[in-house]
Amino acid sequence: MARLKVTDIDSQRMVVHIRGGKGRKDRDVMLSQALLEALRTYWRGLRHKPTEWLFPGNRWHTSRRPVTTKVLWTACQQAALRAGLEHKHIHPHTLRHCFATHLLEAGADLRTIQILLGHRDLEETTIYLHLSKKHLSATASPLDMLQLATSGEAIRSV
């Protein structure tokens, strides 16, 4: 996120192009309408519109370099405080875990999550994701689909 370029936001296709992410691979991830609106609000609020980096360094947003990862860590810590999570260890990678978990709970399959996270191997995705209680309890047991005879019927058929 620190190294997003202005051109990485594709509002026509509603994707964000990630360059050299996990495994040094490029990939596209979905761009939500809410995020697009937040980015547009951010953009309109800038006095100096950046030409390369979406989030250029320094407080005036005029640096020729992107913000540092330390800036992202600080932003995560401040957001955690505002959310009342001051006793939790929140960091940028936590957002990745949450993103994957919410995708799973929303019904996304593991292959889709694998692609979005940039994992080479599906096994890496299954280890990375923890199945939430909501997801587990929403999964129907195949035993519930069996048509079992009542005890009297079972005895007569033997």
Next on the checklist: In whole Hz and in residue order, list the ³J(HN,Hα) couplings for segment 16-21 that follow from phi through the Karplus curve 6.51 cos²θ - 1.76 cosθ + 1.60, θ = phi - 60°; x for Gly and Pro.
Outcome noted: 10, 8, 9, 9, x, x
Next on the checklist: Out of the total accessible area of segment 1-146 (probe 1.4 Å, heavy atoms of protein only), what percent is carbon and sulfur?
Outcome noted: 58 percent
Checklist outcome for this item: Listed by chain and number, the residues whose amide H is under 5 Å from that of Leu54, excluding neighbours fewer than 5 places away on the same chain and using placed H, are Leu4, Lys5, Val6
Checklist entry - For the peptides 34-40, 110-116, what is the packing order when you average, over each peptide's residues, the other Cβ atoms within 10 Å and list the highest mean first? => result 110-116, 34-40
Checklist outcome for this item: For the pair Asp121 and His89, the simple spin-label estimate (label points 7 Å beyond Cα toward Cβ) gives in nm 2.5 nm
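The values are calculated or read from the model by the stated rules, or taken from the named source; none is laboratory data. None of these values were measured; they are calculated from a predicted model. Methodologically, a virtual Cβ is constructed for each residue, glycine included, from the backbone with ideal geometry; neighbour enumeration extends over all protein chains shown. We work out accessible area using only protein heavy atoms, side chains counted, and drop any ligands, DNA or RNA first. Shrake-Rupley method; radii C 1.70, N 1.55, O 1.52, S 1.80 Å.
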